[in-house]
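Single-structure report; data block below.
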Amino acid sequence: MSEPIYDMAAIGNALVDVIAHATDNFVAQQEKQHGMKRGAMSLIDASRAVELYGDMGTAIESSGGSAGNTMAGFASFGGKGAFIGKVADDQLGDVFRHDMKALGVHYGTNPLAFGTPTGRCLILVTPDGQRTMNTFLGASIELGPDDVDADIVASAKITYLEGYLYDDAKAKAAFRLAAEIAHNAGHKVALTLSDPFCVQRHRKDFQYLVESHVDILFANEAEIISLYETKKFDEACRGAAGKCEVAVLTRSEKGAIVLSGGKSIEVRAEPVKKIVDTTGAGDQYAAGFLFGYTRGMSLQECGRIGALAAAEVISHMGPRPEIKYADLLKKAAA
């Protein structure tokens, strides 16, 4: 086993998030006219991104992407991380690079020199805090095996893969290469399934990936039910049991179940006074869990740290922490 330099390396879509409040009627209208999927993520093209941006209300813009959000939370806990993801050589790409480096995260992926612009995710948040995402992948879809920095992956305790990125053949090849490099170095591979519609598109591939290349799986209730084509969560848990070393299955206010070594560990959700925006809840749960995991904590404690991070992020707009998670952890331990 090579000596790790990084606690975690994440591979995912490099996107800028555009987040705005929206009424239920607006989302329903967009769903009817454009096939938007309430509470889920839909892929859109450049022209639709421009159109929807014009129809949205006042928005918050910040660097995002699922794995990028997880890395931001992980760094906020004090974890040392690296990120691999593709932006264009444009203004939004500069913003993304700056934000990653400002977090203390190593980011050295070469930008796309010409053609497709940096990707963005247009997020509508309804009064109940539910987020509906519309993603123009842009330059991020160009990430391939050549972008996988073997030295970084081989020197990370965990390599974290974002399921959203899995739509392109180049990305699939990049995932397989990264997993091979990580395991050859004696380190772990984690995967988040990202979205139930993403699972529908790649169910067989994801099942193979989980059983053959993944040590730690993250999925919410809808995603794991979709992966194993069951109707009930308990049935999906039985399907997931033993498929990889650890399966972390989140259920919003019902908490989470962690499956490992034939055991099922229940983790309670942390209380939240008011749910403002659920964007990034799963991303930050993974950040907390993996931070604990890289520190050798029990799976129960890893789950609790994940729950703390998820509770913080859903209490405000935006998918990244508004407070330093390291301070949150100290407060919780007091």
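Tabulated values for the structure
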| item | result |
| --- | --- |
| Residue check for Gly35: of a type outside the set (Val, Ile, Thr), surrounded by fewer than 21 Cβ atoms within 10 Å (Cβ to Cβ) and either touching a Ser or Thr at 6+ places or on another chain (Cβ under 8 Å) or farther than 21 Å from Glu223 by Cβ (or both) | yes |
| Residue match in the range 322-330 (condition: buried (at least 22 other Cβ atoms within 10 Å of the Cβ), out of contact with any His (no Cβ under 7 Å at 6 or more places or on another chain) and touching a residue at least 40 places away in the same chain (Cβ under 8 Å)) | yes |
| Checklist (1) of a type in the set (Ser, Thr, Tyr); (2) surrounded by fewer than 16 Cβ atoms within 10 Å (Cβ to Cβ); (3) within 24 Å of the chain's Cα centre (by Cα) applied to Thr23, failing item | (3) |
| Leading residue by the ranking (modelled with the lowest pLDDT) among those in the range 140-186 that are of a type in the set (A, V, I, L, M, F, W, C), assigned to a loop (DSSP other than H, G, I, E, B) and within 12 Å of Lys86 (Cβ to Cβ) | Leu143 |
| Matching residues, the range 179-203, being more than 24 Å from Ile44 (Cα to Cα), surrounded by fewer than 18 Cβ atoms within 10 Å (Cβ to Cβ) and free of Cβ contacts under 8 Å to residues at least 60 places away in the same chain | Glu180, His183, Asn184 |
| Meets criteria (part of a helix (DSSP H, G or I) and either in contact with a strand residue (DSSP E or B) (Cβ under 7 Å, 6 or more places away or on another chain) or more than 16 Å from Met8 (Cβ to Cβ) (or both)) for Ser194 | no |
| Tally, over the range 38-86, of residues that are of a type in the set (Gly, Ala, Ser), in a strand (DSSP E or B) and over 15 Å from the mean Cα position of the chain (by Cα) | 3 |
| Some residue of the range 47-56 being of a type in the set (Phe, Trp, Tyr) and either at pLDDT below 95 or over 24 Å from Ala311 (Cα atoms) (or both) | yes |
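Residue-by-condition table, conditions (1) at pLDDT 95 or above; (2) under 17 Å from the mean Cα position of the chain (by Cα); (3) buried (at least 19 other Cβ atoms within 10 Å of the Cβ); (4) among the hydrophobic types (A, V, I, L, M, F, W, C):
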site	(1), (2), (3), (4)
Gly280	no, yes, yes, no
Asp283	yes, yes, yes, no
Leu290	yes, yes, yes, yes
Ser298	yes, no, no, no
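The values are calculated or read from the model by the stated rules, or taken from the named source; none is laboratory data. In this text, all values refer to a predicted model and were calculated from it rather than measured experimentally. Neighbour counts are summed over all protein chains in view; Cβ atoms, including those assigned to glycine, are modelled from backbone coordinates with ideal geometry.
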